[in-house]
Amino acid sequence: MGEPGTKATLSLAELEAATSMRTGRKHVLSILVENKSGVLTRIAGLFARRGFNIDTLTVGPTDDDQVSRVTLTVDGALHPIDQVTKQLHKLINVLKIRDLEPADTVARELALFKVAADGVQRGELMQIAEIFRGKVVDVTKRAVIIEVTGTTDKIEAFEGMVRPFGLIEMMRTGEIAISRGRSET
Amino acid sequence: MRAVDAVMECLKAEGVDVVFGLPGGANLPTYDAFVGGGIRHILVRHEAGGGHAAEGYAKATGKVGVAFATSGPGATNLITPICDAMMDSVPVVFITGQVRTELLGTDGFQEADTIGITMPVVKHSFMIQSPQEIPRAIHEAFHIARTGRPGPVLVDIPMDLSRAEIDYEPVTDVHLPGYQPRVEGNQKQVRQAAKALAAAQRPVIYAGGGVVNANASEGLIEFATSDRFPVTCTLMGLGAFPAPHDQWLGMLGMHGTRAANYAMDEADLICAIGARFDDRITGKLSEFAPRAKFIHIDVDPAEISKNVPAHIPIVGDAKHVLAKLVIEYRAIGADPARLAAWWTRIEGWREKYPLGYEDSPDAEIKPQFMVQALHEATGGQAIVTSDVGQHQMWAAQYYDFPAPRRWINSGGLGTMGFGLPAAMGAAIGCPDQLVCCIAGDGSVQMNAQELATCAQNNIPIKVFIMNNGYLGMVRQWQELFWDGKYSHVDTGEFPDYVKLAEAYGATGLRFEDKATLVEDMKRAIATDGPVLVDVRVTREENTYPMIPAGQAAREMVG
């Protein structure tokens, strides 16, 4: 079974089992890369061909203009993560990879919510935003845009709160993460 | 000087003595620089032939092979050799022309996104954005291709940049902060491995292409004979340990010997060196070597515990690690007598299940006999290349390779049409050695055009087509696993290989008689220039023994 050369037919369930990924805790990989063209494609391509899903991915400059930082979150049990970091290390432009421990990491993402709000609802929404330390950044007669920064959990909690009002659109940056303490991430 | 002249200077500085390539619009400037540039260039008839020739050259010599192609279709024709070099860790630098920068992204004539298309199958690639980058990129490409786990590196040069004037200064350093292969091997881990080996009752050394790549064959022999360790090699590792040898079990894997596969199955400790536990080795992973602990030595950390978890991982190249391991192992002074029972068991398998076949009662040439005849005709001393299929497995089984870099084939990717151009590259790299290709009739035509290259340049390869008029391995699988229903595997008697050879300006011969085959082969080998021989063999013969796909070593048949 499972071998493409043999005659036995495969059931859909078997196919699914063969392609399903082990899931474990969320991993935040912080990757320092040389700031060269095509680096992001190499990383994304590696994930695609090795069969790993990227949950979120952010790229941005660092204090050194030769170097960029990619922060990506993936779902996976320890073994495949080990394989992914080893494969990432093989990319010539990848300088350093850290699989950040949640307890030793400050992680943030930014989200923008466009919520339907006429009249009475607007006040209530603004109260909720305040509780989440969000900011109202745009108001029109029919909608407000609220900016929220925080951990993924907080963003998701806020989403749950405003959804009943009529969530028109939501945009999230994906997490960036920095290690706690004096040492560099 | 012009950037393209700097390219020639870089190649010379890297010690390149030959380039395989084919010119086109986008690399016209480069080809202008070849005239009087001091680099030998072999004009191939198809870029894939050039790519495989560069691989054959690299595998035979241990040096970096080089292939050139133009943009668009020239570059896309290189995809198969690039992927092949990636799978088998072959150091090759590919230099492609690209449309001029102002045309990039506009679907210009003969534009293809070469960097994008090749990205999943290169060790690294360089898209040249300024002509001044060219010398460093080429230098770093060679460094990356040959160090660590070797592999293909591509440099894509837009036509306008290659024509630019630059200040050329020889590059002597590399600046690759993200690339520092570890070759030494951790001393503590090596000591652990030595201890485990000394304690093992049923050890097996499982060596792969990494031993050949690291030029570690001598180290392997020294280590294996520092005790009486049984040794098996993968398809890619053949020759790393000399065959025959009283510690040699034969090749392992799908068409390996029973002695090798059963030894792996019953081993209590497997020492993998430069091998990657491919599915053709392990068969059913959950039942692979169920009693064994694993030492895994590999220069590529990502190979360790990828398929089979290693108990003692050692990141380092085979040469460095084996040198340390021998010292550590000798220091322990293990008792070789502990392996006596294990050898009795192994000898039992060897006696009961030798490689063999039923010979024909008449003049008919059995394919296995053909390989044995070539061994005899060449004194076992030829460099042998092959295509992919039954003939490849028979060549691996029956041509006992006494030294590394004598067996050149496409293992990982399994590229049909690899053998003939690879032989061409090997012959150019090793002009003093006899280079033969055992080709399949299904495979050989995929790059038969390179016979013209061989004829034009008097490259004296001797190609022996094992002609059964079938895509033999596919036919075998249809016979065994698909109820004997043959679907599109009969290639008939086309083409007439003797006429084909003659049309290309090579010598064409046809052998059909077992009784005179060895002498006939000697005659073919003694013929000047390239020779293509149509050897008619038994039409329906199966490659045995065999572990049916996805099964355990215990399930070997035939």
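The values are calculated or read from the model by the stated rules, or taken from the named source; none is laboratory data. Since we're looking at a predicted model, the values are computed, not measured. Positions of Cβ are generated from backbone atoms using ideal geometry, with glycine treated the same way; all protein chains shown enter the neighbour counts.
Among the residues of the range A:84-120, those that are buried (at least 16 other Cβ atoms within 10 Å of the Cβ) and in a helix (DSSP H, G or I) comprise A:Val84, A:Thr85, A:Lys86, A:Gln87, A:Leu88, A:His89, A:Lys90. On the given criteria, is B:Ala455 over 24 Å from B:Gly380 (Cα atoms), at pLDDT 95 or above and either in contact with a Ser or Thr (Cβ under 7 Å, 6 or more places away or on another chain) or of a type in the set (S, T, N, Q) (or both)? Spelling it out, it is not the case that B:Ala455 is over 24 Å from B:Gly380 (Cα atoms), at pLDDT 95 or above and either in contact with a Ser or Thr (Cβ under 7 Å, 6 or more places away or on another chain) or of a type in the set (S, T, N, Q) (or both). For beta carbons closer than 9 Å, sequence separation of 6+ or different chains, a first residue in the range B:420-435 that is assigned by TED's automatic domain parsing to the domain that holds B:Ile383 and among the polar types (S, T, N, Q) and a second that is crowded, with 24+ Cβ neighbours inside 10 Å and part of a helix (DSSP H, G or I), the qualifying pairs are B:Gln433/B:Ala60; B:Gln433/B:Ala426; B:Gln433/B:Ala427. For B:Phe223, the stated conditions do not hold, so it cannot be described as within 21 Å of the chain's Cα centre (by Cα) and of a type outside the set (Ser, Thr, Tyr). On inspection, B:Gly116 fails the criterion of being assigned to a loop (DSSP other than H, G, I, E, B), within 11 Å of chain A (Cβ to nearest Cβ) and of a type in the set (Gly, Ala, Ser).
Take the conditions of a type in the set (A, V, I, L, M, F, W, C), surrounded by 19 or more Cβ atoms within 10 Å (Cβ to Cβ), in contact (Cβ under 8 Å) with a residue 60 or more places away in the chain and within 14 Å of B:Leu78 (Cα to Cα) and apply them to B:Val122. Does it pass? Spelling it out, it is not the case that B:Val122 is of a type in the set (A, V, I, L, M, F, W, C), surrounded by 19 or more Cβ atoms within 10 Å (Cβ to Cβ), in contact (Cβ under 8 Å) with a residue 60 or more places away in the chain and within 14 Å of B:Leu78 (Cα to Cα).
For the range A:27-55, the set of residues classified as within 12 Å of the chain's Cα centre (by Cα) and either within 14 Å of another protein chain (Cβ to nearest Cβ) or at pLDDT 90 or above (or both) consists of A:Val28, A:Leu29, A:Ser30, listed by residue number. Looking across the range B:453-507, just one residue is within 14 Å of chain A (Cβ to nearest Cβ), in a loop (DSSP other than H, G, I, E, B) and crowded, with 18+ Cβ neighbours inside 10 Å, and that is B:Leu471. Would you tally the residues in the range B:435-452 being over 16 Å from B:Asn409 (Cα atoms), surrounded by fewer than 24 Cβ atoms within 10 Å (Cβ to Cβ) and aliphatic (A, V, I, L, M)? Of the residues in the range B:435-452, 1 are over 16 Å from B:Asn409 (Cα atoms), surrounded by fewer than 24 Cβ atoms within 10 Å (Cβ to Cβ) and aliphatic (A, V, I, L, M).
Every condition in (1) touching a residue at least 12 places away in the same chain (Cβ under 8 Å); (2) outside any loop (DSSP other than H, G, I, E, B); (3) surrounded by fewer than 21 Cβ atoms within 10 Å (Cβ to Cβ) is met by B:Asn542 except one, and the failing one is (2). Specify the residue that is surrounded by the most Cβ atoms within 10 Å (Cβ to Cβ); the eligible residues are those in the range B:19-37 that are of a type in the set (A, V, I, L, M) and assigned to a helix (DSSP H, G or I). The extreme case among them is B:Ala26. Scan the range B:177-201 for residues that are more than 30 Å from the chain's Cα centre (by Cα) and within 20 Å of B:Ala260 (Cβ to Cβ) and jot them down. Selection gives B:Ala200, B:Gln201.
Taken over the range B:540-558, the residue count meeting the criterion of being at pLDDT below 95 and among the aromatic types (Phe, Trp, Tyr) is 0.
So that you can scan it fast, the table gives a plain yes or no per residue for (1) in the same structural domain as B:Pro301 (by TED's automatic domain parsing); (2) at pLDDT 95 or above; (3) outside any loop (DSSP other than H, G, I, E, B):
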residue: B:Ala145; (1), (2), (3): no, yes, yes
residue: B:Arg149; (1), (2), (3): no, yes, no
residue: B:Ile157; (1), (2), (3): no, yes, yes
residue: B:Thr172; (1), (2), (3): no, no, no
residue: B:His175; (1), (2), (3): no, no, no
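Can you go through B:Ala289, B:Ala193, B:Ala260, B:Ala216 and tell me which one is closer than 22 Å to B:Trp349 by Cβ, touching an Asp or Glu at 6+ places or on another chain (Cβ under 8 Å) and not acidic (Asp, Glu)? Of B:Ala289, B:Ala193, B:Ala260, B:Ala216, the one residue that is closer than 22 Å to B:Trp349 by Cβ, touching an Asp or Glu at 6+ places or on another chain (Cβ under 8 Å) and not acidic (Asp, Glu) is B:Ala289. Quick check on the range B:61-81. Is at least one of its residues in contact (Cβ under 8 Å) with a residue 12 or more places away in the chain and out of contact with any helix residue (DSSP H, G or I) (no Cβ under 9 Å at 6 or more places or on another chain)? Checked the range B:61-81: no residue is in contact (Cβ under 8 Å) with a residue 12 or more places away in the chain and out of contact with any helix residue (DSSP H, G or I) (no Cβ under 9 Å at 6 or more places or on another chain).
For the range B:152-173, residues that are within 14 Å of chain A (Cβ to nearest Cβ) and touching a Lys or Arg at 6+ places or on another chain (Cβ under 8 Å) total 3.
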